[in-house]
1. Output yes when any residue across segment 178-197 is among the small types (Gly, Ala, Ser), within 16 Å of the ligand (Cβ to nearest atom), in a loop (DSSP other than H, G, I, E, B) and crowded, with 20+ Cβ neighbours inside 10 Å, and no when none is.
2. For segment 153-169, check the following and say yes or no: at least one residue is within 26 Å of residue 340 (Cβ to Cβ), out of contact with any Leu (no Cβ under 9 Å at 6 or more places or on another chain) and not in a helix (DSSP H, G or I).
3. Confirm whether residue 141 is of a type in the set (Ser, Thr, Tyr) and either within 12 Å of the ligand (Cβ to nearest atom) or open to solvent by less than 50 Å² (accessible area, probe 1.4 Å) (or both).
4. So for segment 304-325 (the condition being among the β-branched types (Val, Ile, Thr), closer than 30 Å to residue 99 by Cα and buried (at least 17 other Cβ atoms within 10 Å of the Cβ)), does at least one residue qualify?
5. Counting just the residues of segment 240-261 that are away from the ligand (no atom under 14 Å from the Cβ) and assigned to a strand (DSSP E or B), which one comes out farthest from residue 287 (Cα to Cα)?
6. So is residue 264 open to solvent by less than 20 Å² (accessible area, probe 1.4 Å), part of a loop (DSSP other than H, G, I, E, B) and either within 16 Å of the ligand (Cβ to nearest atom) or touching a residue at least 40 places away in the same chain (Cβ under 8 Å) (or both) or not?
7. How many residues are more than 15 Å from residue 195 (Cβ to Cβ), open to solvent by 20 Å² or more (accessible area, probe 1.4 Å) and either of a type in the set (Ser, Thr, Tyr) or not in a helix (DSSP H, G or I) (or both) if we restrict to segment 222-239?
8. Cβ-Cβ below 9 Å, separation at least six or inter-chain, first residue in segment 203-216 and at positive phi and not assigned by TED's automatic domain parsing to the domain that holds residue 146, second in a strand (DSSP E or B) and near the ligand (Cβ under 9 Å from one of its atoms): which pairs?
Amino acid sequence: MQTIGILGAGQLGRMMAVAGYPLALNFALYDTSGSPSANIGKIYSDPNNAQTELKQFLQEVDLVTYEFEHLPLDLANRIAKIKPLRPGVRALQVCQNRELEKRLFRELAIPTPAYAIVSSAEQLANAVEQLGTPVVAKSLTEGYDGKGQAVIKHIDHCRQAWQDIGHPQLIVEQFIHFRRELSLVAARGTDGSTCFYPLVENNHQGGILRFTIAPAPSLDAKLQSQAEAYMEALLADMDYVGVMTLELFETEDGLLANEMAPRVHNSGHWTLNGAHTCQFENHLRAILGLPLGDTAPHGVSAMVNLVGRHANVAGVLRLKDTHLHHYGKSERPGRKVGHININAENYTALIEKVKLSLQQVPESSTLQCSIAGIA
Ligand code: AMP
């Protein structure tokens, strides 16, 4: 039996382990952040004994992967010298720094919003002058779920935004008036083989993903092949192994790359119930050098994130074609505590079912997507 080591013990590690048990895999998870929630496999989480815990974790596992890209690079380098680390250190390095990420997009001719890097409030004001308002200022590193970001609508707001973000370096991006947000989840195996899920439509509110509709409705087939070509270039350049996600803006002039994540992704959670092989299993297949699984969807799907509040469990379970994924986490504002996957044969039926499921979610987000009004 092989044991997979996962760095990070949140819901992504948990869902990965759930997907791996039918393949007779064992799991060990290392997370000394103080709040592991995976509650599965063997968890190494004592922050007072981090070094000993790491040593034991590495002795136990055959290979290591991660559910979180903001890992110290020296830790990743140390681990990679002892056990295979998949995806590798380069993917981590690029994806945890927005400048390196955008530079790679440019090198590979992947269109991205115009941007500047700034290290002071004065430089921020200069960048805003050059790019024109509005802009989105983001911390260069460590940002996720919209944290460490500000939309600046007027040049006079630069000093305040600089102070609010409180980071020594920012990336300032032209604000994109996108039609919608899309993402592509893909996997690449150890032999270089690749597979792609369909592009999905994502809705964020307050910087946090709220809804995914899969596949993205009314999608021009050219955009799928364009996105796959971008992904193929990124995966090959990084000699990547595992699942990767590319977040994109759909605009009138085509796709713009926003960012990428070197891991299974919230916008791929629909695959648990809506695709022949889910993203978690495909990630495991990829890192183990096994054949990649069929990514074709079953009908159409929606994913409703449970942010801050749990759903009424019995209420959701009574609904047809509706699946609850409860992460076992306590409620806290802005915290992802679970998600609901919904399947249907067509988009009208899907939206009807999404609306029924939202009745079971206290303080649910308002359904926003390109087809919200069809049912
Ligand atoms: P990020 O952390 O880069 O994924 O940003 C979080 C969310 O902020 C995105 O999903 C978008 O909804 C929004 N956003 C980020 N960058 C831009 C941009 N350049 N223009 C407009 N909206 C943006």
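The values are calculated or read from the model by the stated rules, or taken from the named source; none is laboratory data. A quick note: this is a predicted structure, and the numbers were derived from the prediction, not measured. Every residue, glycine as well, gets a Cβ built from its backbone with ideal geometry; the counts of neighbours run over all protein chains shown. In case anyone asks, the SASA skips ligands and DNA or RNA and just uses the protein heavy atoms, side chains included. Shrake-Rupley method; radii C 1.70, N 1.55, O 1.52, S 1.80 Å.
1. Residues of segment 178-197 that are among the small types (Gly, Ala, Ser), as a first pass: 183, 186-187, 189, 192-193.
Add one more test, that the residue is within 16 Å of the ligand (Cβ to nearest atom), and what stays is 183.
Pick out the ones that are also in a loop (DSSP other than H, G, I, E, B) and you get none.
No.
2. Pass one, segment 153-169, residues within 26 Å of residue 340 (Cβ to Cβ): none.
The answer is no, given that none of the residues of segment 153-169 is within 26 Å of residue 340 (Cβ to Cβ), out of contact with any Leu (no Cβ under 9 Å at 6 or more places or on another chain) and not in a helix (DSSP H, G or I).
3. When the stated conditions are applied, residue 141 passes them.
4. yes
5. Checking each candidate, the answer is 254.
6. Numbers: open to solvent by less than 20 Å² (accessible area, probe 1.4 Å): yes; part of a loop (DSSP other than H, G, I, E, B): yes; either within 16 Å of the ligand (Cβ to nearest atom) or touching a residue at least 40 places away in the same chain (Cβ under 8 Å) (or both): yes.
It is true that residue 264 is open to solvent by less than 20 Å² (accessible area, probe 1.4 Å), part of a loop (DSSP other than H, G, I, E, B) and either within 16 Å of the ligand (Cβ to nearest atom) or touching a residue at least 40 places away in the same chain (Cβ under 8 Å) (or both).
7. Qualifying residue count for the region: 2.
8. These pairs meet every condition: 207/149.
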